[in-house]
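Engineer: What follows is a structure written as structure tokens; I'll ask about it next.
Throughout, read-outs are computed from the coordinates displayed, never taken from laboratory work. Because the structure is predicted, anything quoted here is derived from the model rather than measured.
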Amino acid sequence: MTTAPDDDDNHVFLRGRLADEPTTKELPSGDELTVFRLTVSRPPGDRVRVDSIECATTRARPRRALERAAVGAVVEVSGSLRRRFWRGPAGPASRYTVDVATARVIRSDRAGGASRARTPASA
């Protein structure tokens, strides 16, 4: 029995705080890879309060949105969950990363207090 395409869906939506400054590096292909982490709250009553989730994108639009965001800004991202494999000093390793297709700054906590998401007039 085969699985119909509609039975599977790898779509991730996260809203969280930017944990640190995004870093961008140029890949051998010439593409730019931007990597960042979002801190996402867990439900009340959970022993662990937050999860830190690694995100990455090679797309220009999400990268430009993240350039405007300060550490602590509330950011929404959507994309797909990917498992990355590599060989390290201790042997094979893997990690899940959100492959970001879209990113939007919801609230930026820059000096002077919080502000709402940018509108075309304020951008």
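Engineer: Fully extended, how many nm does the chain gain between Arg84 and Asp31 (0.36 nm per residue separation, minus their Cα-Cα distance)?
Structural biologist: Additional length available on full extension: 17.3 nm.
Engineer: For the stretch 10-116, I need the span (max minus min coordinate) of the C-alpha atoms along each principal axis, in Å, sorted largest to smallest.
Structural biologist: Cα spread of the stretch 10-116 along its principal axes, largest to smallest: 44, 38, 27 Å.
Engineer: Let me ask you something else. At q = 0.25 Å⁻¹, what is the base-10 log of I(q)/I(0) for the stretch 64-108 according to the Debye formula with one equal point scatterer per Cα and no solvent? Please give it to two decimals.
Structural biologist: -0.83
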